[in-house]
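> Questions regarding the structure given below will be posed in turn.
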Amino acid sequence: MDRRSTLRRFLPAFTLLACLFVAAPAHADTLGPLHVRAFTMRADRTELRVGETLHLTIDLQVDDTVSRCTNIELPDFYGFDSLGEEERNYTRPIGTDCTEILTLSPTVAGWRTIAPAILDAVDADTARPMRFSTNTVTIHVLDAPLQTGVILRNTLVEMLKTCIIIALMVIVGGGVYWGFRQSLPGFAAVRRMTHPPAPDRAEVPAEEAAPAPPPVDESARWAAVAAALSAKPTRQSIAAVRTILRDRVRARDDEVFGELFARVAPTTDPALLDVMRSVERAAFIDDANLPSAIEDAVHALERLADKPQMLSS
């Protein structure tokens with residue numbers, strides 16, 4: 001094997017080694033030598049509710065003059081929404097203060113621990129690549145407060161669901177009960193016994209007409225009323241006679257005498273109208289004039305008894 005063939009065989013390995021030697025110093029140069037004095041992380045609030053905001057501040061203090069600290073690796077903000085960030089650099093007589101402020105909003109309730117932020121840089125004191133990390137920050141996230149409207153809406157929805165469930169249960173239960181009763185062997189017979197079918201009107205024999213009641217002796221009736229009132233001329237007696245008269249002309253319970261008199265006057269015998277006026281006056285007269293009013297009513301009843309042929313109303 002000649003020398004040229006040997007070189008071609010080992011050329012890929014030589015190329016890989018050359019790239020490694022070149023890449024290592026280049027990565028170290030991007031880190032840059034730094035004198036890191038402090039690297040911390042803090043939050044302005046450690047307890048808040050879902051949807052509220054907090055500010056997470058990452059502070060880096062170095063004894064070197066830098067324009068930006070680009071090598072800071074932020075943690076994973078699981079359970080938070082990132083609403084923005086702001087960088088601030090302050091140059092001191094000796095060194096630089098780099099501050100990065102992030103605005104976060106929690107989305108899930110519970111205890112949340114934010115992992116440390118990471119900085120990769122070359123330690124200026126040892127000239128070796130180093131990884132610096134901040135402290136962790138623990139946040140207690142509470143549930144978002146429910147609004148009154150939301151509570152009322154949820155309550156109404158639950159009540160509506162309950163009513164629908166109860167209605168469905170009643171409907172289903174009634175259907176099952178009806179079906180069960182219909183399926184019983186003896187239910188039809190029992191129903192026929194307790195609820196016999198209505199007889200066919202065409203097949204029911206016509207009943208014989210009941211005999212008409214004997215005619216009422218109106219003369220004797222009013223004579224008896226007059227005699228009872230004359231024997232016991234009290235307010236209770238005149239009230240009883242008034243009730244008999246109102247039943248006679250079919251007066252309504254809410255019908256006053258004026259309305260009643262106007263309604264029955266065209267078709268009622270004048271003698272009966274005279275009795276109605278006398279009895280109505282005696283029923284509501286004062287006690288001093290009650291005897292004379294009852295006496296007038298008795299006379300009117302006696303005149304009515306003498307004319308039975310004209311009492312139709």
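The values are calculated or read from the model by the stated rules, or taken from the named source; none is laboratory data. Quantities reported herein were computed from a predicted structural model and do not represent experimental measurements. Glycine also receives a Cβ, built like all others from the backbone with ideal geometry; neighbour counts cover every protein chain displayed. Ligands, DNA and RNA are stripped out before the accessible areas are found, and what is left, the full protein with its side chains, is counted by its heavy atoms. Shrake-Rupley method; radii C 1.70, N 1.55, O 1.52, S 1.80 Å.
> For the range 86-99, give me each residue that is free of Cβ contacts under 8 Å to residues at least 24 places away in the same chain and either under 12 Å from ALA38 (Cβ atoms) or more than 56 Å from the chain's Cα centre (by Cα) (or both).
The first filter runs over the range 86-99 and keeps only residues free of Cβ contacts under 8 Å to residues at least 24 places away in the same chain, leaving 86-90, 92-93.
Those that are free of Cβ contacts under 8 Å to residues at least 24 places away in the same chain and either under 12 Å from ALA38 (Cβ atoms) or more than 56 Å from the chain's Cα centre (by Cα) (or both): ASN89, TYR90, ARG92, PRO93.
> In the range 46-63, what residues are charged (D, E, K, R) and either under 30 Å from PRO93 (Cβ atoms) or without any contact (Cβ under 8 Å) to a residue 12 or more places away in the chain (or both)?
Applying the first criterion (charged (D, E, K, R)) to the range 46-63 yields 47, 49, 52, 59, 63.
Scanning the range 46-63 gives ASP59, ASP63.
> Yes or no: ILE58 open to solvent by less than 20 Å² (accessible area, probe 1.4 Å) and touching a Pro at 6+ places or on another chain (Cβ under 6 Å)? Spell out how you get there, then give the answer.
Working: open to solvent by less than 20 Å² (accessible area, probe 1.4 Å): yes; touching a Pro at 6+ places or on another chain (Cβ under 6 Å): no.
Criteria not met by ILE58.
> If you don't mind, there's one more thing I want to ask. Taking the stated definitions as given, is THR234 polar (S, T, N, Q), open to solvent by 20 Å² or more (accessible area, probe 1.4 Å) and within 19 Å of GLU218 (Cα to Cα)? Before the answer, list the steps.
Numbers: polar (S, T, N, Q): yes; open to solvent by 20 Å² or more (accessible area, probe 1.4 Å): yes; within 19 Å of GLU218 (Cα to Cα): no.
The answer is no for THR234.
> With respect to the numbered conditions (1) in contact with a Gly (Cβ under 8 Å, 6 or more places away or on another chain); (2) β-branched (Val, Ile, Thr); (3) modelled with pLDDT of 95 or more; (4) open to solvent by 40 Å² or more (accessible area, probe 1.4 Å), which one is the sole condition not fulfilled by THR103?
Result: THR103 fails condition (4) only.
> Of all residues in the range 64-85, count the ones that are free of Cβ contacts under 8 Å to residues at least 40 places away in the same chain and farther than 16 Å from THR136 by Cβ.
Of the residues in that region, 10 qualify.
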